């Protein structure tokens, strides 16, 4: 795993050296590319160690990603409806949290069931 960390940190440093000339936006875009490359490299090691392929990992997180995208759309929509920034932030936070938990509950995601068990103990 140390080898993996060295590789990913090296990619990060290379990204910064390449993108710093074009400003923070370029660094952020470069960081996004770095995250995907590092994830791919890391998933290769996971596959070699325990046989959990990149495709299986993507399938496992896809439902969480979909819920998060839907929550984002709802929260951003709210931000356009409310002019007061403080009130918008509070309502967006509460709405996003309730939406995410409700969707996890409706879809009976494993983590929400486990959280319910822990809370009810």
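The values are calculated or read from the model by the stated rules, or taken from the named source; none is laboratory data. Keep in mind that this is a model prediction, so the values were computed, not measured. No Cβ is skipped: glycine too gets one built from the backbone with ideal geometry, and neighbour counts run over all protein chains shown.
Evaluate segment 17-32: report whether one residue or more is in contact (Cβ under 8 Å) with a residue 12 or more places away in the chain, loosely packed, with under 14 Cβ neighbours inside 10 Å and farther than 20 Å from residue 4 by Cβ. Yes; the residues of segment 17-32 include at least one that is in contact (Cβ under 8 Å) with a residue 12 or more places away in the chain, loosely packed, with under 14 Cβ neighbours inside 10 Å and farther than 20 Å from residue 4 by Cβ.
Only one entry of 68, 43, 38 meets the criterion of being in the same structural domain as residue 92 (by TED's automatic domain parsing) and surrounded by 13 or more Cβ atoms within 10 Å (Cβ to Cβ), and that entry is 68.
Go through segment 71-105 and report how many residues are part of a loop (DSSP other than H, G, I, E, B) and surrounded by 14 or more Cβ atoms within 10 Å (Cβ to Cβ). Step through it out loud before you land on a result.
Going through segment 71-105, the residues part of a loop (DSSP other than H, G, I, E, B) turn out to be 82-84.
Remaining after also requiring surrounded by 14 or more Cβ atoms within 10 Å (Cβ to Cβ): 82.
Total meeting the criteria: 1.
The set of residues from segment 48-70 being over 27 Å from residue 96 (Cβ atoms) and part of a helix (DSSP H, G or I) comprises 48, 49, 50, 54, 55, 56. Of the set (1) out of contact with any helix residue (DSSP H, G or I) (no Cβ under 8 Å at 6 or more places or on another chain); (2) assigned to a helix (DSSP H, G or I), all apply to residue 45 but (1). Of the residues 117, 108, 48, 59, the single one that is out of contact with any strand residue (DSSP E or B) (no Cβ under 6 Å at 6 or more places or on another chain), under 24 Å from residue 36 (Cβ atoms) and either surrounded by fewer than 10 Cβ atoms within 10 Å (Cβ to Cβ) or at pLDDT 95 or above (or both) is 48.
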